[in-house]
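To start, the structure under review is shown below, and the notes come after it.
The values are calculated or read from the model by the stated rules, or taken from the named source; none is laboratory data. Since this is a predicted model, take the numbers as computed values, not measurements. So basically every Cβ, Gly included, is an ideal-geometry build from the backbone, and we count neighbours across all protein chains shown.
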Number of protein chains: 2
Amino acid sequence: MTLEQYLANTLPGVTDIKDVSRAFAPSNIALCKYWGKRQEEFNLPVNSSLSISLGNLGTETSLECSNTDILILNGEELDSSDPFSTRLFNYIDLFRPPSIKLKIETSNTIPTAAGLASSASGFAAVIKALSDLFSWDLSDQRLSEYARIGSGSACRSIYHGFVLWEKGEKHDGSDSFAHLINNSWTDLRLAILDVCSDKKAISSRDAMNRTASSSPYFTQWSDIAQSDLALLLNAIEEKDLHLLMKTAESNAMAMHASMMAAQPTILYFLAESVEMMHKVWACRSSGLSVYFTMDAGPNLKLLYHKDDEAEVLKQFPDAISVNPFVT
Amino acid sequence: MTLEQYLANTLPGVTDIKDVSRAFAPSNIALCKYWGKRQEEFNLPVNSSLSISLGNLGTETSLECSNTDILILNGEELDSSDPFSTRLFNYIDLFRPPSIKLKIETSNTIPTAAGLASSASGFAAVIKALSDLFSWDLSDQRLSEYARIGSGSACRSIYHGFVLWEKGEKHDGSDSFAHLINNSWTDLRLAILDVCSDKKAISSRDAMNRTASSSPYFTQWSDIAQSDLALLLNAIEEKDLHLLMKTAESNAMAMHASMMAAQPTILYFLAESVEMMHKVWACRSSGLSVYFTMDAGPNLKLLYHKDDEAEVLKQFPDAISVNPFVT
């Protein structure tokens with residue numbers, strides 16, 4: 001089945017169109033990473049993953065019926081040939097009747113300096129806004145499934161709190177969506193260490209594809225992810241913050257290690273990333289319980305107990321702290 | 001069989017002792033790394049490895065019969081409780097009659113700034129000097145086998161040129177020794193980029209043991225090494241320098257990746273190591289054919305064609321160039 005056929009079978013009809021709609025979706029940071037697709041068209045993952053959403057940091061999107069397609073990103077109109085514009089409208093084309101044109105205003109509430117990827121929250125916000133615009137009233141599960149088609153990790157940005165994306169088994173992705181595990185554990189804090197906000201030398205999509213196709217370590221990755229996921233779920237259940245943070249750091253290192261063995265090698269670490277890693281480890285040696293995770297990019301995200309926030313921010317004065325449970 | 005029993009069966013008797021002996025052994029840099037032991041006491045490796053010796057950079061050792069054990073390293077007498085002294089005399093005890101005491105003078109001809117490990121050349125030089133002192137006239141194969149007992153990679157430092165250490169299969173290590181592949185290919189040059197000469201946070205011995213026992217990627221390592229070794233032997237046979245350098249870099253990245261997934265993680269990269277890696281890759285993007293390899297430490301070793309030496313040293317002014325075929 002093609003993606004178009006699957007959507008034709010599952011999408012509600014468009015009978016009641018609002019003039020305008022608005023939605024917000026949070027960014028999310030994976031504690032057990034999504035790394036590697038088992039199917040490209042539907043964005044189906046090799047492994048299940050687990051994330052924490054970033055509270056009120058994310059993407060706010062409004063849609064308005066219009067005579068022509070317009071995309072305004074963070075207050076600036078993008079040219080229709082802009083790659084992000086092309087990607088977003090190609091995605092929207094899957095869901096809208098061809099006659100409907102849209103003015104989209106989308107803004108990230110994440111400080112630009114945080115250097116966080118916005119595609120997860122961006123696609124989650126736009127599918128929520130589309131569902132509202134067409135009065136579909138889709139379930140969160142369905143929103144998550146559709147968001148996944150735009151960008152894999154977007155399926156996790158439908159929710160606040162701890163979110164589990166079940167990889168699923170089916171070819172059409174109908175069992176590959178995210179759901180909430182636990183929406184609050186207020187001891188946990190995050191801080192974003194921006195190392196570099198430049199465009200990445202290789203996109204995370206290309207990096208995961210190259211890793212899956214050429215890294216001899218990739219065959220082990222799904223076992224690692226499965227085992228780390230079990231540890232993380234146990235840590236959330238038992239409120240064992242140390243286990244949660246330790247497992248998240250280890251999972252990130254294993255993901256980056258899988259890339260390093262790709263042909264050719266992929267190294268998102270920059271000098272400053274490595275300097276910050278050694279600093280995190282030095283802090284831990286001195287008794288400060290701080291860990292990090294790292295996506296397919298050079299920035300570190302620190303993990304720590306809320307009681308350690310003052311000390312963490314003293315050690316990392318440029319870190320941007322986030323309370324994931326304030327929404 | 002214990003190591004002592006094995007040596008009792010294979011060592012010649014000591015009947016003719018010279019007053020003094022002297023030997024030199026070169027350092028070596030692995031293009032396919034030795035990483036992981038299948039047996040600790042005999043230093044038997046999981047995988048075969050291949051190195052290039054560093055010409056006249058290595059260790060010069062002289063032995064002299066004495067009333068008491070004395071160790072002079074680079075002109076300075078070491079205390080008998082020094083860990084290096086203990087390790088070296090424990091090794092020598094395996095080979096000498098208990099009545100024989102030695103004054104050992106050992107000096108590294110490698111600039112200290114190069115930050116190169118000297119245990120490989122050190123143990124190779126001392127077994128050569130012992131063989132001479134006791135008039136054993138051991139074959140290179142036997143010297144290599146005995147050197148391996150002191151430090152795994154020392155078995156490769158018995159030779160100049162390209163050296164293959166066959167991992168062997170036997171429990172007593174009698175088929176685990178190095179031999180020469182090809183002692184000259186004068187197109188190849190190396191340069192050592194010293195990032196940090198501080199003592200390593202974790203010894204390579206402990207790092208390989210931790211990787212072997214806890215990294216989920218280690219199961220793949222021996223396959224990678226076997227496949228890289230075949231590529232390297234082919235590159236030497238075909239005089240394909242690009243394939244040689246590319247494979248060496250990829251093998252080093254795979255080794256470091258295997259460590260990163262150990263529990264807890266092991267990262268020898270320092271900020272400056274990563275800066276230099278990105279610089280190497282930027283040079284390659286600009287058309288300069290330079291590659292690197294990296295042992296269990298933060299320093300990079302550059303690999304390039306002799307015709308590119310001027311440009312490489314212009315790009316890396318602090319690099320210490322080595323002609324591996326000048327002896």
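Structural remarks
- Check on residue B:209, modelled with pLDDT of 95 or more, more than 26 Å from residue A:291 (Cα to Cα) and more than 8 Å from chain A (Cβ to nearest Cβ): no
- Residue within the stretch B:90-107 that is of a type outside the set (Ser, Thr, Tyr), surrounded by 20 or more Cβ atoms within 10 Å (Cβ to Cβ) and within 25 Å of residue B:196 (Cβ to Cβ) present: no
- Looking across A:174, A:157, one residue alone is in a loop (DSSP other than H, G, I, E, B), at pLDDT 95 or above and either charged (D, E, K, R) or not assigned by TED's automatic domain parsing to the domain that holds residue A:311 (or both). It is A:174.
- Taken together, B:57, B:73 contain a single residue that is crowded, with 21+ Cβ neighbours inside 10 Å and farther than 21 Å from residue B:256 by Cβ, which is B:57.
- Residue A:80 meets the conditions (1) under 23 Å from the mean Cα position of the chain (by Cα); (2) among the small types (Gly, Ala, Ser); (3) at negative phi in every case but one. The failed one is (1).
- Test: residue in the stretch A:303-324 that is buried (at least 23 other Cβ atoms within 10 Å of the Cβ) and in contact with a Gly (Cβ under 8 Å, 6 or more places away or on another chain): yes
- Test: residue in the stretch A:93-110 that is out of contact with any strand residue (DSSP E or B) (no Cβ under 9 Å at 6 or more places or on another chain), within 28 Å of residue A:323 (Cα to Cα) and not charged (D, E, K, R): no
- Selection of the stretch A:267-289 for residues being touching a residue at least 40 places away in the same chain (Cβ under 8 Å) and surrounded by fewer than 23 Cβ atoms within 10 Å (Cβ to Cβ) yields A:268, A:270, A:272, A:289.
- Verdict on residue B:254 being of a type outside the set (S, T, N, Q), buried (at least 23 other Cβ atoms within 10 Å of the Cβ) and under 30 Å from residue A:247 (Cα atoms): yes
- The stretch B:15-30, residues that are touching a helix residue (DSSP H, G or I) at 6+ places or on another chain (Cβ under 8 Å) and closer than 15 Å to residue B:159 by Cα: B:23, B:24, B:25, B:26, B:27, B:28, B:30
- For residue B:14, the conditions (1) assigned to a strand (DSSP E or B); (2) at pLDDT below 95 all hold with the exception of (1).
- Identification of strands (runs of 3 or more DSSP E) wholly contained in the stretch A:18-127 with 1 or more residues that are under 22 Å from residue A:176 (Cα atoms) and not aliphatic (A, V, I, L, M) yields A:20-32, A:37-39, A:49-66.
- Candidates in the stretch B:223-280 are the residues that are of a type outside the set (A, V, I, L, M) and in a loop (DSSP other than H, G, I, E, B); of these, the one that is farthest from the other protein chains (Cβ to nearest Cβ) is B:239.
- Residues of the stretch B:160-171 satisfying the condition of being over 24 Å from residue B:308 (Cα atoms) and either part of a loop (DSSP other than H, G, I, E, B) or not assigned by TED's automatic domain parsing to the domain that holds residue B:128 (or both): B:166, B:167, B:168, B:169, B:170, B:171
- Residue B:152 being surrounded by fewer than 24 Cβ atoms within 10 Å (Cβ to Cβ), touching a Ser or Thr at 6+ places or on another chain (Cβ under 9 Å) and closer than 17 Å to residue B:41 by Cβ: no
- Enumeration of residues in the stretch B:213-222 that are farther than 13 Å from residue B:45 by Cα and either part of a loop (DSSP other than H, G, I, E, B) or within 19 Å of the chain's Cα centre (by Cα) (or both): B:215, B:216, B:217
- Sole exception among (1) in contact (Cβ under 8 Å) with a residue 60 or more places away in the chain; (2) surrounded by fewer than 18 Cβ atoms within 10 Å (Cβ to Cβ); (3) farther than 15 Å from residue A:258 by Cβ for residue A:226, by number: (3)
- Residues of the stretch B:31-39 include at least one that is assigned by TED's automatic domain parsing to the domain that holds residue B:120, buried (at least 17 other Cβ atoms within 10 Å of the Cβ) and out of contact with any helix residue (DSSP H, G or I) (no Cβ under 6 Å at 6 or more places or on another chain).
- Where residue B:147 falls short, out of the listed (1) outside the structural domain of residue B:308 (by TED's automatic domain parsing); (2) surrounded by fewer than 21 Cβ atoms within 10 Å (Cβ to Cβ): (2)
- Residue list for the stretch B:164-176, filter: touching a residue at least 12 places away in the same chain (Cβ under 8 Å) and either more than 19 Å from the chain's Cα centre (by Cα) or within 28 Å of residue B:265 (Cβ to Cβ) (or both): B:165, B:167, B:171, B:172, B:174
- So residue B:215, is it farther than 17 Å from residue A:264 by Cα, modelled with pLDDT under 95 and not assigned by TED's automatic domain parsing to the domain that holds residue B:151: no
- Members of the stretch B:177-210 found to be of a type in the set (S, T, N, Q), part of a loop (DSSP other than H, G, I, E, B) and under 28 Å from residue B:266 (Cβ atoms), listed by number: B:197, B:203
- Unique match (being among the aromatic types (Phe, Trp, Tyr) and touching a His at 6+ places or on another chain (Cβ under 8 Å)) among B:218, B:292, B:269: B:269
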